[in-house]
Amino acid sequence: MKEQREHHPPSWAQRFVEWYCKPGLVEDLTGDLHECFERNVQSMGPRRAKLIYIIDAFKFFRSYTVRSSLFVNLFTNRIMIGSYVKTSGRNIMRNKLFSFINILGLAISMSVGLLLIAFVLDLRSYDRFHKNGERIYRITNVLTSKSEDGGKFASTSIKTGRLIREKVTGIEEVAIMRNDFSGDAKVGDNILPIKGFWAEPSFFRIFTFPMVEGNAATALKDPYSVVLTETAARKLFGNQAAVGKTVKIDTLAYQVTGIMKDVPFFSHISFEALVSLSTAEQINKGDNHFAAWTNMWSNSVYILPSENADMAAIRSQLNALAREENLAEENTKIQLELLPLYNIVVGESLRQSEGGPGFTGPHVPRVVLWILGGLAFVVILSACFNYTNLSIARAMRRIKEIGLRKAIGAGKSQVRLQFLAEAVMISLAALLLSFLLFLVLRPVLINMAPEMQRTVKLNLTPAMVAAFIVFSVAVGIIAGFLPAIFFSKVSPMSAFGNVSSVKMFKHLTLRRSLVVIQYTVTLIFITTTAVGYVQYKNILAFDLGFKTANILNINMQDNKPDVLMKELSEMPEVTALSRSLITTGVGNAWGGNMKYKDSRDSVLVMTNHIDENYLPLHDYKLLAGGNFVARPVTAQAVGEVIVNQQVLKRFNIGGNNPEKAIGEQITLNGRKMTIVGVMQDFHYGKVENLIGPVAFTFWTPEDRAIISARIQSSDMPATVARIESIWKKIDRVHPFMAEFYDKAIEDAYSEFSTMIKIIGFLSFLAISIASMGLFGMVVFTTETRLKEIGIRKVMGASDGNLIYLLSRGFLLLLSVSALIALPVTYFFFKIVVLRNFPYHTPVQIPELFVGLLTVLLIAFIMIGSQTLKAARSNPVAVLKSE
């Protein structure tokens, strides 16, 4: 990114003016347009200035500015284009089968491209509604710590925002936000679970969230002030005026000081309410850690630099500020970086601390877009290969046409344009069909994963339609490029020669090369899907070190669990119950610092708070010691801990002997605790994470609760429905949030399963397109060899011999593709994919050959059906004219 922004008019618009303008006027006209552009940048902003420049560039396309020769060229080109279109239309209609294969293949592949274009355009729509979006930045933290996992975080500290406001020059506005605001809002009998942010008045000066009622400048100034969205206000107050009224959120009363429009879908921050940050400061008045430099876990800071600010100077000041604050920290160092607003949704992946989706917003790494784009390009290229193969295969039928055109004066460029025009016409025809496929596939893509529904809409917009048309023309040009080059090189003298032997590689013709490439890609797709699916199933069935079958996890959502547990214990289908703070094995994490004898040696240990029933319910294996003995009711009274083998290994407790570790004392989050049990290692996180140190402490009523219920029932849906009815008696406000443990594990790997579904879908498209291309090639080959087949039959050849004769060339090409594709797939998984899964199962040979057998079966059906038809033809009918 440029340190000092310099705005220039669109270069293509400049070249357009230079192209049509008379030589004597071009310098004056471009100079006037540039001066006007610079004035508009200052008064209207760069975006509007560029738009006005483009309009002016077209507006000056007049008779007195355009060179005289240009009108002649345009008229001539118009006639030529009309001729190309007519000729292309006749060729398309003359070869209906090949045209149908090309159009259908391109349509299927282009539908993938349309989905990708819509997906990217939706992602690029995020946060574009903010007036000063180009100047807004978020402060991110780069953490280096001896006791915690470091990395780049989307969050920062409240102190960071205050110091930037006080010390950094060149900043117009600073907005500090805190993400942990949530609760039950109550107005009369209306109760609404609500989530939002603590924010400052400057929030509305940086972001463009229009206020419907109230004063944006003061709405978030006073403590216990709240701004509601229109939807939240309507749910709480109905049609009554809300500004000035009081709403009770949990135990505190807040005054409604403003009503704002609902947050647009394409916003990286989403909320229902904003509460003044001064309220959070009052609530945490006695907490010295609240505004500490290292308390970066729940806060976000946005800045709006001054117009034409020196971003290099601002970065330098941020570095100096961080160095100064880090001097007071012994084990933790924080570096401050700037993240442009438009790079938040699509950009570098940052770690989120405790924010959740509403805090960091939807995010798609750029590498994912590159991967999806690459896969889509490969599928489209496969359809383009079909077009190239079939076009060149028909060379003998069109070679006389090309020779005649050149004999009467057509140049290479005119021949190239003829074939490009034909390809573009086929691509535009395919666009209509691909658009229908797009409408069918759009809801499938959106519903493929819950994250997709929260990220994109894929609704049609004018920009999207224009992008579709440009994309279609580009695909046509790509598809027609090789045939255009191929035919343009044909000379009139060799027009009646054999041009099918043009070499691309040493021993393969052009058409054979493309078939090999096409089927190599298809085989890679299919084998990747097969291997990925097997690995995914192995992950789901992986032994985590504890039992998950038939266990229903119920989120209590800040309700006390005692009443529900009493009701559940009376159900005969519920055989065991336990309480815990979080659900392990699905990516959730809760940690703390642990020390042993050396106070300077600490490590981040993953933790969970559990009751005495948790270990037996999930069948954790204890190597030494036993379950919790004490039953504390406050967090401060907790004095027992159960650890896994990795804790003993990390601190060398008892010489790594579980029996000797019992009774040893460790320090966890500053509190002395006694080891009462040692567990066998298990997967606290996902399978791709290495097993690390884990400690379980006792659950107390101060903790949030997840109830785990083991269920034995012949009718699980009815049992869960009965539990839900019990929940509704206890809590009528919050929805019943429960999920079976196995389903939670499956959801934890939804990204992996979604990628397998996408690659599987692309595999299906790739094999469909390749099969259509192969079918076209077989039809053409059999048609051109009918007389040869007739002669061979007269000479005594059997149907089997003829099938072998006609199919061996294609089967040889498929064998070459297999020799390339299978090793590539194997090493791709072994070296790239499975390196991220330390506990994976090796790739098996049968998994690789599933794709090969599938392709061979389809190819054999395609080849066999046509060759058998040709072999059974009557040789008399074929040879009667010989």
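The values are calculated or read from the model by the stated rules, or taken from the named source; none is laboratory data. Note that the coordinates shown come from a computational prediction; the quantities given were computed from them, not determined experimentally. Glycine also receives a Cβ, built like all others from the backbone with ideal geometry; neighbour counts cover every protein chain displayed.
At a glance:
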quantity: Unmet requirement for SER578, which otherwise passes all of (1) small (Gly, Ala, Ser); (2) part of a loop (DSSP other than H, G, I, E, B); (3) in contact with an Asp or Glu (Cβ under 7 Å, 6 or more places away or on another chain); calculated: (2)
quantity: Any hit, region 219-236, residues being within 28 Å of SER125 (Cβ to Cβ), touching a helix residue (DSSP H, G or I) at 6+ places or on another chain (Cβ under 9 Å) and of a type in the set (Val, Ile, Thr); calculated: yes
quantity: The listed residue being of a type outside the set (Phe, Trp, Tyr), in contact (Cβ under 8 Å) with a residue 40 or more places away in the chain, surrounded by fewer than 21 Cβ atoms within 10 Å (Cβ to Cβ) and in contact with a strand residue (DSSP E or B) (Cβ under 9 Å, 6 or more places away or on another chain), out of LYS131, LYS221, LYS167; calculated: LYS221
quantity: Checklist (1) without any contact (Cβ under 8 Å) to a residue 60 or more places away in the chain; (2) surrounded by 21 or more Cβ atoms within 10 Å (Cβ to Cβ); (3) in contact with a Lys or Arg (Cβ under 7 Å, 6 or more places away or on another chain); (4) under 27 Å from ASP122 (Cβ atoms) applied to GLY347, failing item; calculated: (2)
quantity: Only one of TYR826, TYR804, TYR839 that is hydroxyl-bearing (Ser, Thr, Tyr), farther than 22 Å from PHE775 by Cβ and out of contact with any helix residue (DSSP H, G or I) (no Cβ under 7 Å at 6 or more places or on another chain); calculated: TYR839
quantity: Which numbered condition ALA242 fails, given (1) under 21 Å from LYS221 (Cβ atoms); (2) of a type in the set (Gly, Ala, Ser); (3) in contact (Cβ under 8 Å) with a residue 40 or more places away in the chain; calculated: (3)
quantity: Out of ILE334, ILE269, sole residue that is over 16 Å from GLY133 (Cα atoms) and aliphatic (A, V, I, L, M); calculated: ILE334
quantity: Residue match in region 232-242 (condition: modelled with pLDDT under 95 and within 27 Å of ARG162 (Cα to Cα)); calculated: no
quantity: Segments classed as helices (runs of 4 or more DSSP H), wholly inside region 399-490, with at least 3 members that are modelled with pLDDT under 75; calculated: 412-446, 462-488
quantity: Meets criteria (at pLDDT 80 or above, outside the structural domain of HIS268 (by TED's automatic domain parsing) and within 30 Å of PHE435 (Cα to Cα)) for GLY113; calculated: yes
quantity: Number of positions in region 551-581 that are closer than 20 Å to GLY685 by Cα and surrounded by fewer than 19 Cβ atoms within 10 Å (Cβ to Cβ); calculated: 1
quantity: Per-region count, region 167-183, residues at pLDDT 90 or above, of a type outside the set (Gly, Ala, Ser) and within 30 Å of ALA253 (Cα to Cα); calculated: 5
quantity: Selection count, region 811-854, where residues are within 24 Å of the chain's Cα centre (by Cα), buried (at least 18 other Cβ atoms within 10 Å of the Cβ) and among the β-branched types (Val, Ile, Thr); calculated: 1
quantity: Residue match in region 684-700 (condition: at pLDDT below 90, closer than 25 Å to ARG579 by Cβ and among the small types (Gly, Ala, Ser)); calculated: yes
quantity: Hey, ASP611 under 42 Å from the mean Cα position of the chain (by Cα) and farther than 22 Å from GLU702 by Cβ or not; calculated: no
quantity: Filter result for GLN282 (in a helix (DSSP H, G or I), under 24 Å from PRO223 (Cα atoms) and assigned by TED's automatic domain parsing to the domain that holds PRO223); calculated: yes
quantity: Flag if ASP619 is over 14 Å from PHE696 (Cα atoms) and among the charged types (D, E, K, R); calculated: yes
quantity: Test set (1) of a type in the set (Ser, Thr, Tyr); (2) in a helix (DSSP H, G or I); (3) more than 30 Å from ARG315 (Cα to Cα) - THR218 fails condition number; calculated: (2)
quantity: Selection within region 687-716 - farther than 30 Å from GLU573 by Cα and either touching a residue at least 12 places away in the same chain (Cβ under 8 Å) or assigned to a strand (DSSP E or B) (or both); calculated: VAL687, GLU688, LEU690, ILE691, GLY692, PRO693, VAL694, ALA695
quantity: Complete set of residues in region 131-165 that are assigned to a loop (DSSP other than H, G, I, E, B) and modelled with pLDDT under 95; calculated: LYS131, ASN132, LYS146, SER147, GLU148, ASP149, GLY150, ALA154, SER155, SER157
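A quick yes/no check of all residues on (1) outside any helix (DSSP H, G or I); (2) crowded, with 16+ Cβ neighbours inside 10 Å; (3) out of contact with any His (no Cβ under 6 Å at 6 or more places or on another chain):
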{"site": "HIS8", "(1), (2), (3)": "yes, no, yes"}
{"site": "TRP12", "(1), (2), (3)": "no, no, yes"}
{"site": "PHE16", "(1), (2), (3)": "no, no, yes"}
{"site": "ASP28", "(1), (2), (3)": "no, no, yes"}
{"site": "ASP32", "(1), (2), (3)": "no, no, yes"}
{"site": "ARG39", "(1), (2), (3)": "no, no, yes"}
{"site": "ILE52", "(1), (2), (3)": "no, yes, yes"}
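Residue-by-condition table, conditions (1) more than 39 Å from the chain's Cα centre (by Cα); (2) closer than 18 Å to GLN282 by Cα:
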residue	(1), (2)
GLU230	no, no
LEU236	no, no
ILE249	no, yes
GLN255	yes, yes
GLY258	no, no
ASP262	no, no
PHE266	no, no
